[in-house]
Amino acid sequence: MGINRREFIKLAGLSTLFGLGGKAAWELLRPGQLEAALTAAPKPLTAKRWAMVVDMRKLDEATAKRCIEVCHRIHNVPNFAKPKNPKDAVSPEEQVRWEVKWIWLEHFHNAFPGMDQPHMAERLQHMNFLLLCNHCDNPPCVRVCPTKATFRREDGVVMMDMHRCIGCRYCMAGCPFSARSFNWRDPRPFVQQEYPDYPTREPGMVEKCDFCAKLLAKGQMPACVVESQGALIFGDLADETSPVREALKNNFAIRRKPFLGTNPQVYYIV
Amino acid sequence: MLEYALIGSRRYYALVGVLLLFILVGAFFYLKQLQFGLGLTGMGRDVSWGFYIAQLTYLVGVAASAVMVVLPYYLHNYKAFGRITVLGEFLAVASVTMCLLFVIVDLGRPDRMFNIIKYPTPNSVLFWDMIVLNTYLFLNIVIGWVVLEAEKNQVAPPKWVKPLIYLSIPWAPSIHTVTAFLYAGLPGRGYWLTAIMAPRFLSSAFAAGPALLILLALLVRKYTKFDPGREQIQTLAKIVTYAIIVNVFFFFCEIFTVFYSQIPDHMLHFKYLFQGIEGKGRLVPWMWFSIVFMTIAALLMVIPRVRQNETTLALTCGLIILTTWIDKGLGLMTGGFVPNPLEKVVEYWPTMPELFITLGVYGIGFLILTVLYKVAVTVKEEIGA
C-alpha cells in the first residue's frame with residue numbers, strides 16, 4: 001500500500017516549506033555570506049545604443065588576428081581547418097562552405113564594395129579590415145526572421161536565440177554583410193578547446209556576433225575590444241561624452257553599405 | 001471516392017510503385033541529412049539557399065496556375081473548362097504539397113518548425129508565405145473534392161463552395177506574389193531587388209503551369225477513357241502563348257534596366273549567370289539555353305499550326321516547362337547569391353543526396369497527383385463525361 005492523496009499533498013507541502021527555508025538555513029550557518037555573494041556580482045554595462053568604432057590606423061594585423069582568435073575561442077566557434085581529431089579533416093571546399101565566423105578580415109573592396117577607387121591610397125588597398133556584425137539600427141535579418149529568433153535589443157544589440165531558430169536561413173539571405181553563419185554540420189569536433197562559459201552548437205541553426213552580450217551583462221567589455229589595445233572603441237552612441245562619440249567627433253569614419261538604409265553601428269576610421 | 005484510387009490497371013500500380021521507390025530513396029537520404037545536417041547538400045555560407053528553395057519557387061508557380069482554368073470557367077462562364085477545372089485544382093494540391101515539403105527539407109531544425117506558428121511574426125514574408133500556401137492547399141482540396149463529388153452524384157455542387165471558389169481566384173496570384181516578395185525585398189541582393197520580380201514570377205507560372213496541364217491532359221486522354229477535350233487544350237495553349245511572351249518581355253525589361261543603368265551591383269549577377277566571373281560560370285550554358293529556347297518556344301507558340309498540331313504543341317510545352325524551370329529552379333537562387341555581398345564568387349551545385357531528396361519530394365507530389373487524377377478520371381469515366 002502506497003501513500004494516499006492526502007498524505008502526498010502533506011508531504012509535498014512540507015518539503016516545499018523546507019525548500020523555501022534554504023535561504024534561512026544559509027543565514028543560520030553563515031550569516032551574511034549569501035548577500036555578499038549576490039552583491040559582489042559586478043554591475044552590467046548598459047547603454048542606450050551600443051556602437052563600435054574600428055580605428056584602422058591603430059589596428060595592426062597581428063592584433064586583429066588576436067581579436068579574432070579570442071572571440072572565436074570564447075564563443076566556441078569551430079575552425080574547420082583544424083579538427084581535434086585528424087580523421088575528421090574536411091576538404092578545402094567544405095571548409096569554405098561550412099565556415100562559421102563572427103569576426104574576420106577582408107580587403108577594402110570586399111568590405112566596402114562599390115567604394116573602392118582606381119587609384120586608392122596604397123595603404124588602404126592592402127589593409128585588412130576587421131569585419132563583424134554591424135548590429136544595424138534597422139536590421140533586415142530581424143525584419144525577415146519568421147520566429148523572432150533574431151531580435152534587436154533596446155540597447156541596439158542584435159541578438160540570436162539559438163534555441164528558437166528553425167534554421168530557415170532567411171536572415172542570411174537578408175544580411176547584406178555576410179555576417180551570419182549557419183551550422184551546416186556538427187561543429188564540436190572542430191572546437192579545439194571547449195570554453196565552458198558559452199554553449200557549443202548543434203547542426204541546424206544560425207549564429208553571429210552578439211557584441212559579447214554575456215560579458216556586457218557581467219560588466220565587461222567585448223572580448224575583441226579588450227584584446228585590441230585601443231584600436232576598437234566600444235560605447236554608448238547616445239552619450240555625447242562616450243569614447244565612441246569622441247572618436248566620431250574628431251575623425252571621419254565610414255560604414256559598410258550605408259546606402260542600403262540598414263544603419264550599421266560599426267564605424268571605421270581609415 | 002478515394003476507393004477509386006485503390007483499384008486500377010497494372011500500369012497504374014506500376015506507376016505508383018515507381019513513385020514509392022523514389023520516395024523511399026528520398027526518405028533514406030533525408031534521414032541522413034537529418035543526422036548530419038544540411039552540410040550534406042551543396043549549400044554553404046555564401047549560397048545559403050539552393051535546390052530545395054528553388055523547387056519551392058518553381059512549384060508555387062505551377063500551383064498558382066490552376067487559376068487559369070478556374071477563372072475562365074467561374075468568372076467568364078467559359079463552359080469548356082468545366083471539364084478540366086478539377087485537373088487544375090488537383091495539380092495545385094500536389095504542387096503546393098511539394099512546396100511545403102521543400103520548405104521542411106530545407107529547415108535546419110524541422111523539429112522546431114511550429115515555432116513559426118508559436119511565435120507568429122507578421123513582419124516576416126515567410127510567415128505570410130506559410131499562411132497563403134496552407135490556405136491555398138486547403139481551398140483546392142476542398143473545392144476540387146466537393147465539386148467532383150457533386151459531379152459524381154450528378155447534382156449541383158453545394159452553395160457554400162462558391163465563396164471558396166471565388167476566394168481561390170485572387171488567392172492563386174497571391175501565393176506567387178508573396179513568394180516573390182521573399183526575395184524582392186532584401187537589401188543587398190541586386191539580382192532579386194527588382195519590382196518586376198512578382199510579375200515575372202506570375203508570367204512564368206502562367207506559362208509553365210498550363211503547359212504542364214496540357215501535357216497531363218494529353219496523357220489522360222492517351223491512357224484513360226476520359227478526354228479532357230481538344231478545345232480545352234487549345235484554349236490552354238493560347239494562355240501559355242500569351243504568358244510565355246510576357247515572360248520573355250519581362251526578362252528583357254530587366255536586362256534593359258540593369259545594363260542601361262550600368263549599376264555594378266545589379267549587373268554582376270547577370271554577368272555571373274550569362275558570362276561567368278573570374279572563370280567561374282557553371283550556369284552559363286544553362287542560362288543561355290534557357291533564354292534562347294524560351295524565346296524560340298514563345299515564337300513557335302505564336303504560329304497557329306504549331307499550336308494546333310498536338311505533337312508540336314506537346315514538344316513546345318515541354319520546352320517551356322524546361323526553360324522556365326532552368327530560369328527559376330536553377331538560375332534564380334544561385335544568381336541571387338553569386339557573387340556574395342562581399343563580391344566574391346563562390347559557386348553552388350547540388351550534391352547527390354540533395355538531388356535524391358528533391359526527387360523524393362517530387363515523388364510524393366506526383367504520387368498525390370496520380371492518386372487524385374485517378375479518382376477524378378474514374379469519376380469522369382463513370383458519368384461518361
query: What are the pairs, 6+ residues apart or on separate chains, where a residue within the stretch B:119-148 that is charged (D, E, K, R) has its Cβ under 7 Å from a residue that is buried (at least 20 other Cβ atoms within 10 Å of the Cβ)?
result: B:ASP129/B:VAL178; B:ASP129/B:THR179; B:ASP129/B:LEU182
- line: Picked from the stretch A:70-119 (must be part of a loop (DSSP other than H, G, I, E, B) and among the basic types (Lys, Arg)), the residue nearest to B:TRP49 (Cα to Cα) is A:LYS101
query: Taking the condition within 11 Å of chain B (Cβ to nearest Cβ) and crowded, with 20+ Cβ neighbours inside 10 Å, does A:VAL244 pass?
result: no
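Name the one entry in A:ASN134, A:ASN79, A:ASN128 that is more than 10 Å from chain B (Cβ to nearest Cβ), out of contact with any helix residue (DSSP H, G or I) (no Cβ under 7 Å at 6 or more places or on another chain), of a type outside the set (Lys, Arg) and in contact (Cβ under 8 Å) with a residue 24 or more places away in the chain.
Testing whether each residue is more than 10 Å from chain B (Cβ to nearest Cβ), out of contact with any helix residue (DSSP H, G or I) (no Cβ under 7 Å at 6 or more places or on another chain), of a type outside the set (Lys, Arg) and in contact (Cβ under 8 Å) with a residue 24 or more places away in the chain leaves just A:ASN134.
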- line: Quick count over the stretch A:108-145, residues being at pLDDT 90 or above and either on the phi > 0 side of the Ramachandran plot or out of contact with any Pro (no Cβ under 7 Å at 6 or more places or on another chain) (or both), is 22
- request: Quickly run through the stretch B:329-348 and pick out the residues that are outside any helix (DSSP H, G or I) and more than 8 Å from chain A (Cβ to nearest Cβ).
  value: B:VAL338, B:PRO339, B:VAL345, B:GLU347, B:TYR348
task: For B:GLU343, work out the one condition from (1) under 30 Å from A:LEU105 (Cα atoms); (2) out of contact with any Pro (no Cβ under 9 Å at 6 or more places or on another chain); (3) surrounded by fewer than 19 Cβ atoms within 10 Å (Cβ to Cβ) it doesn't fulfil.
output: (2)
message: Out of A:ARG143, A:ARG123, I need the residue that is outside any loop (DSSP other than H, G, I, E, B), out of contact with any helix residue (DSSP H, G or I) (no Cβ under 6 Å at 6 or more places or on another chain) and within 8 Å of another protein chain (Cβ to nearest Cβ). Which one?
response: A:ARG143
message: Just to be sure before I move on: is B:THR235 under 18 Å from the mean Cα position of the chain (by Cα) and surrounded by fewer than 22 Cβ atoms within 10 Å (Cβ to Cβ) in the structure I sent?
response: no
- request: Would you mention how many residues in the stretch B:144-175 are modelled with pLDDT under 95 and touching an Asp or Glu at 6+ places or on another chain (Cβ under 6 Å)?
  value: 0
- request: Scan the stretch A:254-261 and give yes if some residue there is in contact with a Ser or Thr (Cβ under 6 Å, 6 or more places away or on another chain) and either within 14 Å of another protein chain (Cβ to nearest Cβ) or part of a loop (DSSP other than H, G, I, E, B) (or both), otherwise no.
  value: no
Qualifying positions in the stretch A:158-207 - touching a residue at least 60 places away in the same chain (Cβ under 8 Å), at the interface with chain B (Cβ under 7 Å from one of its Cβ atoms) and not aromatic (Phe, Trp, Tyr): A:PRO176, A:SER181, A:ASN183, A:ARG185
- prompt: Does the stretch B:265-275 contain at least one residue that is at pLDDT 95 or above and surrounded by fewer than 13 Cβ atoms within 10 Å (Cβ to Cβ)?
  reply: yes
- line: Listed by range, helices (runs of 4 or more DSSP H) wholly within the stretch B:1-76 having at least 1 residues that are surrounded by 14 or more Cβ atoms within 10 Å (Cβ to Cβ), within 14 Å of another protein chain (Cβ to nearest Cβ) and free of Cβ contacts under 8 Å to residues at least 40 places away in the same chain are B:10-36
- prompt: Looking at this structure, is B:VAL103 within 15 Å of the chain's Cα centre (by Cα), closer than 26 Å to A:PHE151 by Cα and in a helix (DSSP H, G or I)?
  reply: yes
task: State whether one or more residues within the stretch B:134-143 are modelled with pLDDT of 95 or more and within 14 Å of chain A (Cβ to nearest Cβ).
output: yes
query: Here are B:GLY185, B:GLY229, B:GLY190: which of them is surrounded by fewer than 19 Cβ atoms within 10 Å (Cβ to Cβ), small (Gly, Ala, Ser) and within 14 Å of chain A (Cβ to nearest Cβ)?
result: B:GLY185
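Every residue, every condition in (1) assigned by TED's automatic domain parsing to the domain that holds B:SER174; (2) assigned to a loop (DSSP other than H, G, I, E, B); (3) of a type in the set (A, V, I, L, M), yes or no:
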residue: B:LEU91; (1), (2), (3): yes, no, yes
residue: B:PRO120; (1), (2), (3): yes, yes, no
residue: B:PHE127; (1), (2), (3): yes, no, no
residue: B:VAL142; (1), (2), (3): yes, no, yes
Residues satisfying the stated conditions in the stretch B:155-190, i.e. charged (D, E, K, R) and at positive phi: none
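The values are calculated or read from the model by the stated rules, or taken from the named source; none is laboratory data. Because the structure is a prediction, the values reported are computed rather than measured. When we count neighbours, we look across all protein chains shown, and the Cβ atoms used for this are built from the backbone with ideal geometry, even at glycine.
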